[in-house]
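Remarks on the structure that follows.
The values are calculated or read from the model by the stated rules, or taken from the named source; none is laboratory data. Quick caveat: nothing in here was measured; it's all calculated off a predicted structure. All Cβ positions, even for glycine, are placed from backbone atoms using ideal geometry, and neighbour counts span all protein chains on display.
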Amino acid sequence: MRNYIIISSSIIVIIFVVYSVLAFEQKNDPKISAFNKSLAYETEKNYDAAIRELLNVYDSDRNNYLLNLRLGWLYYNFGLNSESLTYYQNASKILPNSIEAKIGLTLPLSKLEKWDEVRKIYEEILKIDPQNYTANLRLGQYYLFRGKYQEANKYLSVSFNNYPSDYESNLSFGWTQYYIGNRKRAKELFFNTLMLSPNDSLATIGYNLSR
């Protein structure tokens, strides 16, 4: 029994030493350190410094999904949309089924007003996840703004049914219902919108028109 206790204690000591060494190595890994510093700089809205931290380690692991995704996000916030697009594209190539990378791609593309490309990306997302909130909402809004109300209805109905308390879904679906002639339903949706966002100008206009 005494020997068993001695052996057990020895194993615990070995595990503790190994764990301590691994934890030290992880803490001092350049990519982990750079990523953590980048996050800290972002909280200060110092996007330039946040980007530089990641670029310092980028060449050592260009196929790292997280590095590419984060650089896409940081460049977007820094206002450099072409650079943002490049890194989001890299992330999407590394993990082709990543919905977050595809949604990320739409950010700089929207700023660059490449709307057809944005539409295609949302359609790609719906092939992976037909119920995706963002893709259904944005596609619905894309068609709503272009006066294609039946197409808008197709996507916005999914967005609304999945998230019936969502402000954007109520407002966009409300205008869609108004334009396809369903004014009673439109009034209900604009009423919901005003509950969610008091004095909302677009909802107020829609509600008055739907009476």
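Here are a few things to note about the model shown:
- In segment 182-201, the residues that are modelled with pLDDT of 95 or more form Cβ pairs under 6 Å with partners that are surrounded by fewer than 16 Cβ atoms within 10 Å (Cβ to Cβ), at six or more places apart or across chains, as follows: Leu196/Tyr167; Ser197/Tyr167.
- Inside segment 130-165, residues that are surrounded by fewer than 18 Cβ atoms within 10 Å (Cβ to Cβ) and of a type in the set (Val, Ile, Thr) make up a count of 1.
- Subset of segment 139-154 that is of a type in the set (Gly, Ala, Ser) and in a helix (DSSP H, G or I) - its residue that is nearest to Asp116 (Cα to Cα): Gly140
- Test: Glu113 is at positive phi and surrounded by fewer than 17 Cβ atoms within 10 Å (Cβ to Cβ): yes
- The set of residues in segment 66-87 being surrounded by 15 or more Cβ atoms within 10 Å (Cβ to Cβ), more than 20 Å from Tyr41 (Cα to Cα) and of a type outside the set (Val, Ile, Thr) consists of Leu85 alone.
- Ser157 in a loop (DSSP other than H, G, I, E, B), over 23 Å from Glu100 (Cβ atoms) and at pLDDT 95 or above: no
- Taking helices (runs of 4 or more DSSP H) as the structural unit, those lying wholly within segment 1-113 and holding at least 2 residues that are modelled with pLDDT of 95 or more, farther than 26 Å from Glu124 by Cα and not acidic (Asp, Glu) correspond to 30-43, 47-58.
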